[in-house]
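Note sheet for the following structure.
Only the coordinates and a few stated rules stand behind these numbers; no lab work does. Owing to the predicted nature of the structure, the values given are computational and were not obtained by experimental measurement. Cβ coordinates were reconstructed from backbone atoms using ideal geometry, including for glycine residues, and neighbour counts include every protein chain displayed.
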Amino acid sequence: MPGNVGPVTHDDKSWALMAYLGQFLVGAIAPLVVLVAKGRSPFVRKHARQALNMGIAAIVVWLVSALLLLATEALIWVPLVFTAVVLVFLVYAARAANRGEFRRVPVFIAWPLLK
C-alpha cells in the first residue's frame, strides 16, 4: 500500500477484509456498506471500491449471460467460470487487506467503474 494513506489500524484491516468476504453472503451490498460506513479511511476506501467494482462486474456478467442463455444454453459456462475466477481474486485481495496491503485485481475482474 502506498505510504500516502497513513498508518493502517486493525479496524481498517477488518473493514477492508469484510468488503471482500462479505460478498460471499450478500454480494455487492457488503462493499457498498463498507464504503459508506468507513469510507473516510483511505485504506478502507481503496479496498471497498475495488470490491464493489468486482461485485458490479459479477452482477453484469450474470445478467448478460442470463439474456444470452435465452439464445443458447452452450454459454452456461461463461458466468460459472467468471464466478470461479472472481472467488479466487476475492480471497487474494482479502488476504492482502488482512495483512494491511493492497493488491490490485486484474481489470477484467474488477472493472474500474469507481475510482
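A compact table of results
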| read-out | value |
| --- | --- |
| Hydrodynamic radius by Kirkwood, which averages 1/r over all alpha carbon pairs of the chain, in angstrom | 14.4 Å |
| Lys/Arg +1, Asp/Glu -1 at C-beta; the range 8-98 dipole; positive extreme among 82, 10, 48 | 10 |
| Cα-centre dipole for the range 8-115 with unit charges at Cβ (Lys and Arg positive, Asp and Glu negative), debye to 20 | 500 debye |
| Under the span-like rule (Cα at least 18 Å along the axis, Kyte-Doolittle mean at least 0.5), DSSP H helices of the chain | 42-69, 77-98 |
| Footprinting exposure proxy for 45, 99, 104 (fewest neighbouring C-beta atoms within 10 Å first) | 104, 99, 45 |
| Extension reserve of the residue 11-residue 64 stretch, reckoned as 0.36 nm per residue once the Cα distance is removed | 15.4 nm |
| Charge dipole (the range 8-98, unit charges on Cβ, about Cα centre) - positive-most of 25, 64, 37 | 37 |
